[in-house]
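A short worksheet on the structure shown next.
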Amino acid sequence: MRLTSARLHPFGRFQDASWDLSAPVAVVAGPNETGKSTLRQAIMHALFTPSNLTPARLRDTLARWFPLPGGDHATVTLTFLHAGTSYTLTKRWGAAAAVSLTAASGTTQADPQGVATLLADMLGHNEATFRHVLCTGHDELERTLHSLETHTGELRDIRSLAQAATGGAGDVDQQQLELALAEKLKRFFNRWDETRQRPDRQNGQEKGIGNEWKQGVGEILAAWYSWQRLVDQQQQILSREQEIDRVTAELATLAKQTQQDEALLSGFGERRRQLAERKTLEERSLRLQADVAGLQKAFAAWPLAEAAVSAWQTRRSQLVETGEKLRAELSAARHHAQVAGLRASHDAILKAKADCDAAALAAANQAHPAPEILEKLERLDGLVSQTETQLAARELNWQIEPTAAATVELTRGPEPAETLSLSSQPLRGTAAGRFQFKTAGLTLIVDSGGADMTTLLADLANARHELADVLAACDVPTVAVAREQAARHAALAQEAATKAQTLKALLQGRSLADWDADLAAAASLPQTRDIPTLEAELESTRTALVQGDHEATTHDNNLAQWRQAHTNLESLGVTMLTVQQQLREAEAALAALPSVPEGFATAEAFIAALDAAQARLNASREPRAALESERGGLEASLGDLRSEDVGDQAETAKRHFERVHEVGCCYQRIAEVLTAVAAPADAALGFTGTLPDAVTRGPITITPEQLSQAAGGALALATRLALAETYLQVSDGFILLDDPLVHFDADRLAEAVDLLKTFAQRHQVIFFTCHDQQATLLEQVAS
C-alpha cells in the first residue's frame, strides 16, 4: 500500500485540510504546533481504528480529536494505491459514524468488518508492527530499542522473516549460501523472462496460455500460468454471460410486448365491433352535416339570388346607356385632341415656311463669284504661286561696293525697279532669278542659270495683271475673300434647300390652304372632359357590366339547380328539416357508442393497432422459442460458474503471483548483497528476537545502551529501516517518520538522507519535520 493523499474534515485542529502524499519521499514541513503529529495520528486511526466504537472506547481513543468547542465527530479520508488499483478510504467516528472503501472501478465496501478485513489484507501487518516499527512519533526514534523490547510479544520474530532468505538460523558458509541462493533463484525464475515480465520464448514463439511450457516451470511462471488461466476463463465466462444477458433482454422485450398486445386484445376485443359501427356513423354524420350546411346555404341564398337577378336587369340598362354616352364623349374628346395636334402641325408649317423664305433670301443676298470665275481665280492664283516658287528657287545674292556717291536703279527679280542713292557704304541683298543694275550709261543684268528668266518674268507679270483684273471685276481684294464668299453662299443655299425639304415634309403633300381649312373646321367642335378620365369611366362601366353579367349568370345557374332539385323554396325548407332530423338521430346513436381509447387519434388507428398486436403475437412464438432454447444452452454450458467468482479467484491468483514474484526478487536482492559484501565486514549487529542485542567491531562488543546519544540515534534509525525492509519484503508499503533526525549532526544527517533515499527506491517514506534544512534535503531526494 502506498498513500497518495490525506484529508482531515474535521480532525483535531483541522476543519478541512488536505495533503499530497504521492511522492516516494512525501515531506510534510512546518513549525511546531502546526498539526504534523495530528496528521500522523489521523492516518493511523484511519487505517486501524474501526468506526463503530463503543461510547467508552470512542471517549478513550477518538473523542480528543473532535474539533473544539462542541465537536461531535471526526472524519479522515485517505487515498492510496494497492496492487495497481486506486482506493479511497473514508472513516467517520462519533455522530453518524460510517466507513467506506471505494475502488477506482466504483466498487464500494461499507461494512466496518468487511473494510477492516480488506485493509488487513492490503497492509500485510498488524497495528503493532505499524505503530512500533513502521511509524515513529516525535522524539520517539531514540526510544526505538525500548519500544521494541516493550512490545516484543506483539511483533513477529525477525528471524522468522529472515528465514526465507537464509533457509535457517545461525551462520552458514558463504559458498554454501551462494549455492543455496542459486537453487532458490532457479526454482523461482526458471522459464521466466524478468525483463518482459512474461514466459521465456521458445524459438521466438510466445509460451502463454494455450502454448505453455510443460517442463522446468519455475514457481513464478507456475503462479503466472494459474493467474492467466483464470483470467482467460473469466473472459470466456463473461462473454457467455453477456450473451445470456443479451438473449434475456430480447426475451424480456418480447415478453413485455406480448403482455401489452394480449392486454390490448383482451381489453378491447368487443370495442372493435362497436368502433367499426362508430366509424360508419361518423361518416354518415359528417355527410349529413355537409348536407344540412348546403341546404341551409341554399335556403338563405334562394331569395337573395332572385332579388339580385331582378335588380341587375335595371342596373344593366343604366350601365349600357352610360357606356354609350361615354363613347360619344370620348369620340369628341379624341377629335379635340386631333384639333390640338392639327393646330400644332399648322403652327409648325407656318414656322417652317418662314424659315425657308428667310434662308432663300439670305442665299440670294450673299455676294459670290460665279463658279467659272472662281475657277479662273484659283487657276491664276496657282500660276502666280508656281512661278514665284520657281523664281525663289533661283535666288541670287548681290553686293555693290560704290567708290563714290551715285544714283542707281535696281530691279530684283519680278519686283518693280527702284532708284537708290549710293554712298560709300556697301549695299547688299538678294534677287529672285534676275538682278538688274542701271546707272549713268551702264545696265548690268544677272540671271540665274537653267531657265529663260525673261520669259519667266514676263509670264509672272501677265498672270499677276490678269489676276488683278478678275479680282477687281469681282470686287474682292484677294482670292481668299472670293473663296470665302463662294463657301458662305454654298452653305446658305444648302440651308435653304434643307428648310424647303422640311416644309415639304410638314405639308404632307397638301397645300397650306388645305391646312387652313381643316383648322377652321375643327374649331367648331363642342368641349369635352380629358381622354384619360373618359377612358377610365368607360373601362369601369365595362367591368361593372362583365362582373354583373357573371354574377347574374351564377345566380341563374344556382336557381336552375335549386328549382330542378327542390321545385321551389318551400320544398327546399321541408327537405332541410328532414335532413336535420336525420343528423340528430345519427349523432344520438354515435353518442351511445364507446369512444376511441385514450392514446389513439382515430378509430382507424385503434383498429390498426389491434391488427398489429395480433400480427406480433402470431409472429413472436417461433423467435421466443428459439431465444429460450439459446439461453438454455448457454446456461447449461456455464453450469455453476460465474465471472465474479472466477474474477475473485483470478485476483487471488494475481496476488499469489505477486507474492511469489516478490519472494523471488528478495532472493535476487540477497544474492546481490551477498556478492557486494564478499569480503568480511568489520562490524556486525546481532539480534535477539526482534531486538538488537550487541554491536561488534573487531574484537570489541558493546551493548546498545553503551553507545553515545548520536550513535544510539543512528543505530535506532538503522534498526527501524532494517526492520521495515524486512517486514515489507513481500508486500509494498510505507514508513512514517515524525522528526526522527533532530539530534543528528551534519555528517550523520547526510548519511541518514542517503539511507532514506535508498529505502525510498522500494518503499514510500512519509517524513514530518519542522526543520527547513531537513525538508530541503529530503525534497531534493523526492524530486
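The values are calculated or read from the model by the stated rules, or taken from the named source; none is laboratory data. Computed from a predicted structure; not experimentally measured. Neighbour counts are summed over all protein chains in view; Cβ atoms, including those assigned to glycine, are modelled from backbone coordinates with ideal geometry. Protein only, heavy atoms only, side chains kept; ligands, DNA and RNA dropped before computing areas. Shrake-Rupley method; radii C 1.70, N 1.55, O 1.52, S 1.80 Å.
To keep it simple, each residue is scored yes or no on (1) under 19 Å from residue 341 (Cβ atoms); (2) open to solvent by 70 Å² or more (accessible area, probe 1.4 Å); (3) in contact (Cβ under 8 Å) with a residue 12 or more places away in the chain.
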site: 458; (1), (2), (3): no, no, no
site: 479; (1), (2), (3): no, no, yes
site: 488; (1), (2), (3): no, yes, yes
site: 501; (1), (2), (3): no, yes, no
site: 506; (1), (2), (3): yes, no, yes
site: 543; (1), (2), (3): no, no, no
site: 546; (1), (2), (3): no, yes, no
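When only residues in the stretch 289-335 that are free of Cβ contacts under 8 Å to residues at least 60 places away in the same chain and within 21 Å of residue 577 (Cα to Cα) count, which is most open to solvent (accessible area, probe 1.4 Å)?
Within the stretch 289-335, the match that is most open to solvent (accessible area, probe 1.4 Å) is 297.
Here is a list: 560, 612. Which entry is under 22 Å from residue 301 (Cα atoms) and modelled with pLDDT of 80 or more? Spell out how you get there, then give the answer.
Numbers: 612 fails: under 22 Å from residue 301 (Cα atoms).
The conditions single out 560.
In the stretch 1-18, what count of residues is obtained for those that are more than 30 Å from residue 659 (Cβ to Cβ), surrounded by fewer than 17 Cβ atoms within 10 Å (Cβ to Cβ) and in contact (Cβ under 8 Å) with a residue 12 or more places away in the chain?
At the first step, the residues of the stretch 1-18 found to be more than 30 Å from residue 659 (Cβ to Cβ) are 7-18.
Next cut, surrounded by fewer than 17 Cβ atoms within 10 Å (Cβ to Cβ) only: 9, 13, 15-16, 18.
Still in the list and also in contact (Cβ under 8 Å) with a residue 12 or more places away in the chain: 9, 13, 15, 18.
Residues in the stretch 1-18 being more than 30 Å from residue 659 (Cβ to Cβ), surrounded by fewer than 17 Cβ atoms within 10 Å (Cβ to Cβ) and in contact (Cβ under 8 Å) with a residue 12 or more places away in the chain: 4 in total.
If you check 275, 254, which single one turns out to be within 44 Å of the chain's Cα centre (by Cα) and either of a type outside the set (Ser, Thr, Tyr) or closer than 30 Å to residue 639 by Cβ (or both)? Give the steps one after another, and end with the answer.
Details: 275 fails: within 44 Å of the chain's Cα centre (by Cα).
Matching residue, one of 275, 254: 254.
Exactly one condition in (1) in contact (Cβ under 8 Å) with a residue 12 or more places away in the chain; (2) open to solvent by 30 Å² or more (accessible area, probe 1.4 Å); (3) not in a loop (DSSP other than H, G, I, E, B) is false for residue 384; which is it?
Condition not satisfied by residue 384: (2).
Of these, 194, 206, 183, which one is in contact with a Lys or Arg (Cβ under 9 Å, 6 or more places away or on another chain) and modelled with pLDDT of 85 or more? Explain how you work it out, then say what you get.
Details: 194 fails: in contact with a Lys or Arg (Cβ under 9 Å, 6 or more places away or on another chain); 183 fails: in contact with a Lys or Arg (Cβ under 9 Å, 6 or more places away or on another chain).
After ruling out the rest, the residue left standing is 206.
Under 30 Å from residue 332 (Cα atoms) and modelled with pLDDT of 85 or more: does that describe residue 527?
Details: under 30 Å from residue 332 (Cα atoms): yes; modelled with pLDDT of 85 or more: no.
Criteria not met by residue 527.
If you take the residues of the stretch 412-431 that are touching a strand residue (DSSP E or B) at 6+ places or on another chain (Cβ under 7 Å) and of a type in the set (D, E, K, R), which of them is nearest to residue 401 (Cα to Cα)?
Among residues in the stretch 412-431 that are touching a strand residue (DSSP E or B) at 6+ places or on another chain (Cβ under 7 Å) and of a type in the set (D, E, K, R), the one nearest to residue 401 (Cα to Cα) is 428.
Can you confirm whether the stretch 597-604 contains a residue that is farther than 30 Å from residue 283 by Cα, assigned to a helix (DSSP H, G or I) and either of a type in the set (Phe, Trp, Tyr) or at pLDDT below 85 (or both)? Walk me through it before giving the result.
Restricting attention to the stretch 597-604, the residues satisfying the condition of being farther than 30 Å from residue 283 by Cα are none.
So far as the stretch 597-604 goes, no, none of its residues is farther than 30 Å from residue 283 by Cα, assigned to a helix (DSSP H, G or I) and either of a type in the set (Phe, Trp, Tyr) or at pLDDT below 85 (or both).
Give the residues of the stretch 460-477 that are in a helix (DSSP H, G or I), exposed (fewer than 12 other Cβ atoms within 10 Å of the Cβ) and either in contact with a Gly (Cβ under 6 Å, 6 or more places away or on another chain) or not small (Gly, Ala, Ser) (or both), sorted by residue number.
465, 469, listed by residue number.
Which condition from (1) open to solvent by 60 Å² or more (accessible area, probe 1.4 Å); (2) hydrophobic (A, V, I, L, M, F, W, C); (3) part of a helix (DSSP H, G or I) is the one that residue 445 breaks?
The number of the failed condition is (3).
Conditions first: (1) without any contact (Cβ under 8 Å) to a residue 40 or more places away in the chain; (2) surrounded by 14 or more Cβ atoms within 10 Å (Cβ to Cβ). Residue 375 passes all but one, so which condition is the exception?
Among (1) without any contact (Cβ under 8 Å) to a residue 40 or more places away in the chain; (2) surrounded by 14 or more Cβ atoms within 10 Å (Cβ to Cβ), residue 375 violates only (2).
Which number in (1) modelled with pLDDT of 80 or more; (2) open to solvent by 10 Å² or more (accessible area, probe 1.4 Å); (3) not basic (Lys, Arg) marks the one condition that residue 783 misses?
(1)
Okay, residues lined up against (1) touching a strand residue (DSSP E or B) at 6+ places or on another chain (Cβ under 7 Å); (2) aliphatic (A, V, I, L, M); (3) modelled with pLDDT of 90 or more; (4) open to solvent by 50 Å² or more (accessible area, probe 1.4 Å):
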| residue | (1), (2), (3), (4) |
| --- | --- |
| 75 | yes, no, yes, no |
| 84 | no, no, no, yes |
| 93 | yes, no, yes, no |
| 112 | yes, no, yes, no |
| 124 | no, no, no, no |
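Please work out if residue 363 is surrounded by 15 or more Cβ atoms within 10 Å (Cβ to Cβ), farther than 30 Å from residue 449 by Cβ and out of contact with any Leu (no Cβ under 9 Å at 6 or more places or on another chain). Steps first, answer last, please.
Working: surrounded by 15 or more Cβ atoms within 10 Å (Cβ to Cβ): yes; farther than 30 Å from residue 449 by Cβ: yes; out of contact with any Leu (no Cβ under 9 Å at 6 or more places or on another chain): no.
No, not satisfied.
Sort through 281, 265, 286 and tell me the only one that's farther than 30 Å from residue 553 by Cα, open to solvent by less than 70 Å² (accessible area, probe 1.4 Å) and within 57 Å of the chain's Cα centre (by Cα). Working first, answer last.
On the way: 281 fails: within 57 Å of the chain's Cα centre (by Cα); 286 fails: open to solvent by less than 70 Å² (accessible area, probe 1.4 Å).
Criteria check complete, one pass: 265.
Within the stretch 32-146, considering only helices (runs of 4 or more DSSP H) that don't extend past its boundaries, which have at least 1 residues that are on the phi < 0 side of the Ramachandran plot and touching a Pro at 6+ places or on another chain (Cβ under 6 Å)?
On the way: elements: 36-48, 55-61, 112-123.
So the answer is 112-123.
Considering only residues that are more than 14 Å from residue 12 (Cβ to Cβ) and charged (D, E, K, R), which ones fall in the stretch 29-71?
The answer is 57, 59, 60.
Kindly indicate which of 628, 658 is open to solvent by 40 Å² or more (accessible area, probe 1.4 Å), in contact (Cβ under 8 Å) with a residue 24 or more places away in the chain and within 30 Å of residue 260 (Cβ to Cβ).
After applying the criteria, what remains is 628.
Hey, any hits in the stretch 193-215 for a residue that's exposed (fewer than 13 other Cβ atoms within 10 Å of the Cβ), of a type in the set (Gly, Ala, Ser) and at negative phi?
no
In the stretch 756-780, what residues are among the charged types (D, E, K, R) and either surrounded by 20 or more Cβ atoms within 10 Å (Cβ to Cβ) or in contact with a strand residue (DSSP E or B) (Cβ under 6 Å, 6 or more places away or on another chain) (or both)?
Pass one, the stretch 756-780, residues among the charged types (D, E, K, R): 757, 762, 772, 779.
779, the sole residue that qualifies.
How many of the residues in the stretch 585-625 are of a type in the set (D, E, K, R), closer than 21 Å to residue 253 by Cα and touching a residue at least 40 places away in the same chain (Cβ under 8 Å)?
First, the residues of the stretch 585-625 that are of a type in the set (D, E, K, R): 585, 587, 598, 604, 611, 616, 621-622, 624.
Still in the running and closer than 21 Å to residue 253 by Cα: 611, 616, 621-622, 624.
Now drop any that are not touching a residue at least 40 places away in the same chain (Cβ under 8 Å), which leaves 616, 624.
Residues that pass the stated criteria total 2.
Tell me, please, whether a residue that is in a helix (DSSP H, G or I), out of contact with any helix residue (DSSP H, G or I) (no Cβ under 9 Å at 6 or more places or on another chain), open to solvent by 30 Å² or more (accessible area, probe 1.4 Å) and under 16 Å from residue 29 (Cα atoms) can be found in the stretch 742-755.
The answer is no, given that none of the residues of the stretch 742-755 is in a helix (DSSP H, G or I), out of contact with any helix residue (DSSP H, G or I) (no Cβ under 9 Å at 6 or more places or on another chain), open to solvent by 30 Å² or more (accessible area, probe 1.4 Å) and under 16 Å from residue 29 (Cα atoms).
Would you call residue 54 polar (S, T, N, Q), open to solvent by 60 Å² or more (accessible area, probe 1.4 Å) and within 23 Å of residue 128 (Cα to Cα)?
Details: polar (S, T, N, Q): yes; open to solvent by 60 Å² or more (accessible area, probe 1.4 Å): yes; within 23 Å of residue 128 (Cα to Cα): yes.
So residue 54 passes the test.
Tell me which residues, restricted to the stretch 427-442, are at pLDDT 85 or above, exposed (fewer than 12 other Cβ atoms within 10 Å of the Cβ) and not aliphatic (A, V, I, L, M).
428
Between 260, 242, 233, which is surrounded by 14 or more Cβ atoms within 10 Å (Cβ to Cβ) and in a helix (DSSP H, G or I)? Steps first, please.
Numbers: 260 fails: surrounded by 14 or more Cβ atoms within 10 Å (Cβ to Cβ); 242 fails: surrounded by 14 or more Cβ atoms within 10 Å (Cβ to Cβ).
Exactly one residue qualifies, and that residue is 233.
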